[in-house]
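Report on the following structure.
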Amino acid sequence: MGVDVRVLDELEHAFQEDAYGSVVSRVDRLLKGDVKRKPATGATASASQTGKDEAAGVAVQAALRNAMLAAKIAALIQLGKYEEASGVAENLAKEGVVVDDAHFKASVAFNRVYALYANHQLEKAQETLHHVRTELAKAPQLHLHTKHLEAQLLYRSEMYSQSRTLYADIVKASKAMLGKSSGASNVSTDARAAYMEDVVNYLAAAVMASSGAEVAAASDIEIMDAERLVGEFSHELLYNMACSMIGSNELTRALKALNDAEHVARQEVAPEKGGGERDAAFWAVGASIVAQKGFVELMLGRSDDAHMSNQSVLQSKTSNTTALAVASNNMAYLHVDDDTTNLLDLAKSMKVTTQGGLAQRLTPIQRITFGLNRALIFLRMKRLDAAKAELSKLEPQALAAHPKFLVAHFFARLDLALRENSSSEASARQLVSEFASAHASTSTTAAEAAVLARAFIEDHFGKPSVAAEVLLDDSRTPDASFCSRMGVKLTAARLLEKDGQIERVEKLLMDAAAVTSPSAAHDRIVYNQRLAETFSRSAQYSKALAYFKQAYEQAVTSGDSDMRMELLAELLTCASFVENVNQNAELEPYIRELSDSVLSSGGASSSSQILDGEMEAHAYANVSAAEIDFDLLESRPPPRKKGDRVVGGLVDSPADVAVEKKTRKRKRKQRLPKDYDPNGPPPDPERWLPKHMRAKYRKRTVHKQGVSKGTQGGDLETTAVFSAKQQKAAQAAQEKIDSGVVDSLPSRVADTRPKGQQKKKNKRKK
């Protein structure tokens with residue numbers, strides 16, 4: 001194969017024109033020998049060419065082949081055909097690069113590693129990078145690009161700490177290239193874009209590698225520098241800023257940053273595009289932003305906003321499968337416990353989380369979360385085999401690295417075991433024992449989960465008091481403070497109440513309130529509130545009222561306004577069940593407190609309307625408990641508003657009254673047949689109906705009901721009767737012949753034609 005050096009100039013020109021497809025096809029034709037170039041003008045073939053010249057020509061052709069293969073690899077990468085580029089790069093590595101140029105060799109090695117990385121062959125890419133590191137070090141121009149590639153490789157391989165370290169060095173280099181001493185006005189656009197991209201990647205690695213204040217401190221420094229150097233943020237940087245704030249549990253700030261990112265992303269969309277094209281362009285880049293926004297709203301308890309954000313992503317028809325998977329998972333978390341939710345629709349929407357190639361773009365936490373939610377949906381649907389399959393897919397190594405998900409996976413397995421065989425207590429206990437022996441010694445979270453699981457099993461099989469004792473036994477967990485936690489105490493109290501042991505509940509919660517530190521005033525209020533609610537549920541209203549008063553006084557002392565109003569409402573509700581409460585002057589300050597709160601909230605007129613729609617506003621501050629007649633209040637009609645009417649002593653709303661009104665029938669103009677004679681008979685009222693539905697037409701079919709019914713052939717009984725009749729007639733005829741009464745049977749003349757069957761006339765009535 002003879003290839004001219006001018007081919008390289010043609011390939012370079014094609015690259016400049018972004019004609020990557022033509023580069024690939026051109027190289028393929030040349031390598032196959034389909035196109036042979038003529039030698040350059042003035043070149044002549046020498047008959048006495050020496051072996052040295054031949055060897056030099058072979059070397060030149062080998063170098064040209066290397067250059068063309070390198071161009072093909074670069075073009076395939078630009079076309080996104082990473083698998084094919086990776087194969088060509090491996091073949092070139094086996095042939096060997098004969099071009100004696102350090103930059104060329106480094107470029108080939110870099111593209112080889114990048115093709116493997118882009119094709120999701122991360123381990124092989126890291127191994128190849130380790131082998132070609134020497135060649136890459138000889139090209140200073142590619143030093144920063146190599147760092148970028150290595151940092152991204154580490155990030156995708158979930159080695160976030162090392163990735164963050166490399167990105168920190170890259171950010172420093174980008175700052176130096178910006179020339180921060182010269183001011184933001186002299187910074188080039190390319191340098192700004194490169195620096196912003198580096199900060200975005202650094203924040204992403206920092207979020208995954210760190211948590212809490214470390215993320216916030218590191219990200220705030222880079223964000224302040226970026227604002228000072230660049231002056232404006234891209235939607236990518238704002239998105240990663242929000243992710244860093246989520247990592248440090250600053251959800252309100254994160255939501256603001258995501259709103260800013262969404263606004264910037266919409267501004268970046270080309271304004272000259274139409275409405276539909278503009279929306280499609282936004283969702284191509286903004287689906288991840290809106291999905292993350294839905295997650296933050298979910299964590300903030302804004303369920304309606306979270307539903308709208310995630311639903312908008314699912315309805316956007318975006319090609320971003322990662323954003324679709326996150327939005328589907330958020331919707332499943334929102335609605336999986338809702339009894340009105342269609343679980344089949346949830347399961348269908350979660351199919352997007354299992355699409356091929358998606359796992360490489362998800363973090364380990366996302367993969368585990370999606371798998372657990374799919375299993376929980378199948379458990380709710382009672383599809384136990386599907387739930388078991390989902391739980392078995394989760395990687396044990398990834399679960400062990402995240403104790404929270406390890407515990408969630410264990411409880412899902414326990415739920416599955418109890419659903420498969422609800423009467424097998426031994427199998428459930430064995431599952432808990434295996435989990436505790438495997439993880440309790442290395443993880444405090446796992447040890448506490450084992451205690452909770454044992455208590456759950458005892459309660460599941462009808463032993464709530466034993467479950468409470470399991471929770472309160474401090475010898476079962478390595479952390480002695482587990483049993484003294486408020487949540488554990490309240491759960492144990494609820495279990496004892498379920499078993500009817502109210503006295504033990506009182507002792508447990510009173511002891512817990514007594515040992516609470518003075519700084520934890522809220523905990524003491526909650527203990528007294530739960531104790532009062534326990535007595536209220538058991539119809540011991542006097543004791544409940546006493547504990548409600550105690551909790552209310554503690555809330556007033558501590559200045560907890562939210563708890564104070566909640567306790568005040570519960571206190572007055574409980575007091576309504578206590579006998580002789582009308583004469584109890586102790587309730588007067590609580591009623592005055594309630595009336596003051598109503599007046600301070602601007603509800604005087606509405607409160608007066610509650611008592612009577614026609615009464616004027618009352619001065620509630622002057623009302624005392626002794627002046628209130630609770631029996632009279634109970635005998636009054638239900639509350640009504642202006643516009644309601646009273647019917648028979650009961651209040652009817654305007655909506656109810658509207659139902660009673662008779663709707664006026666619409667009068668339609670009568671349509672008469674064509675050429676209708678007013679003096680003749682009236683038109684048939686059934687003329688609009690089909691003939692078979694008209695009354696007079698049905699009469700014609702009544703007398704035909706017996707026609708064509710029943711069997712059309714005779715059964716054995718009728719056949720036998722007919723045969724006997726025929727045989728009897730034949731015997732009688734034979735007797736007449738024998739007696740001479742009849743000479744013989746008539747015979748047919750040979751030339752007489754048999755009379756044919758006449759055609760039946762059509763006797764159908766018209």
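The values are calculated or read from the model by the stated rules, or taken from the named source; none is laboratory data. Small disclaimer: the values here were computed from a predicted structure and weren't measured. Neighbour counts are summed over all protein chains in view; Cβ atoms, including those assigned to glycine, are modelled from backbone coordinates with ideal geometry. Quick note on the areas: whole protein, heavy atoms, side chains included, nothing else; ligands and nucleic acids left out. Shrake-Rupley method; radii C 1.70, N 1.55, O 1.52, S 1.80 Å.
Just a few scattered comments:
- Taking every alpha-carbon pair under 8 Å whose residues sit at least 6 apart, segment 516-595 reaches a relative contact order of 26 percent.
- Here the simple spin-label model places points 7 Å from the Cα toward Cβ, and for ASP28 and GLN540 these points are separated by 8.6 nm.
- Contour excess over end-to-end distance, with Cα ends at LYS696 and LYS317 and 0.36 nm allotted per residue: 130.5 nm
- Normalised by the number of residues in segment 230-361, the mean separation of alpha-carbon contacts (under 8 Å, six or more apart) gives a relative contact order of 18 percent.
- Cα shape, segment 284-400, gyration tensor, a/c 1.5 rule: oblate
- Spin-label model distance (nm) - ASP523 vs GLN162, 7 Å beyond Cα toward Cβ: 4.4
- PHE548, PHE411, ranked by accessible area, largest first (probe 1.4 Å): PHE411, PHE548
- Stretching the chain fully between SER443 and LEU689 yields a gain of 80.6 nm (0.36 nm per residue, less the alpha carbon separation).
- For segment 516-595, the Kirkwood hydrodynamic radius from C-alpha pairs, put into Stokes-Einstein at 25 °C and a viscosity of 0.890 mPa s, yields a diffusion coefficient of 193 µm² per second.
- Over 18 Å between alpha carbons, listed pairs LYS105/LYS172; LYS147/LYS172; LYS72/LYS147; LYS317/LYS351; LYS507/LYS543: LYS105/LYS172; LYS72/LYS147
- Here the Karplus relation 6.51 cos²θ - 1.76 cosθ + 1.60, evaluated at θ = phi - 60°, turns the backbone of segment 238-254 into coupling constants of 4, 5, 6, 4, 4, 5, 5, 5, 5, x, 9, 6, 9, 6, 5, 5, 5 Hz, with x for every Gly and Pro.
- Solvent-accessible surface (1.4 angstrom probe) belonging to GLU434, in square angstrom, nearest 10: 90
- For the residues LYS351, LYS293, a 1.4 Å probe over the protein chains yields an accessible-area ranking, largest first, of LYS351, LYS293.
- Calculated FRET value between LYS351 and ARG278, using beta carbons and R₀ = 35 Å, to 0.05: 0.75
- Check: segment 107-149 dipole with +1 on Lys, Arg Cβ and -1 on Asp, Glu Cβ, in debye: 100
- PHE405, PHE535, ranked by accessible area, largest first (probe 1.4 Å): PHE405, PHE535
- Net charge dipole size for segment 516-595 [Lys, Arg +1 and Asp, Glu -1 on Cβ; Debye, nearest 20]: 180
- Heavy-atom accessible area for ARG302, with the other protein chains in place and a 1.4 Å probe, reaches approximately 110 Å².
- With DNA, RNA and ligands ignored, accessible area of ARG413 (1.4 Å probe; Å², nearest 10): 90
- Maximal additional length on extending the ALA514-ASP415 stretch stands at 32.0 nm, based on 0.36 nm per residue less the C-alpha distance.
- Label-to-label distance for GLN121 and THR252 is 5.2 nm, based on points extended 7 Å past Cα in the beta-carbon direction.
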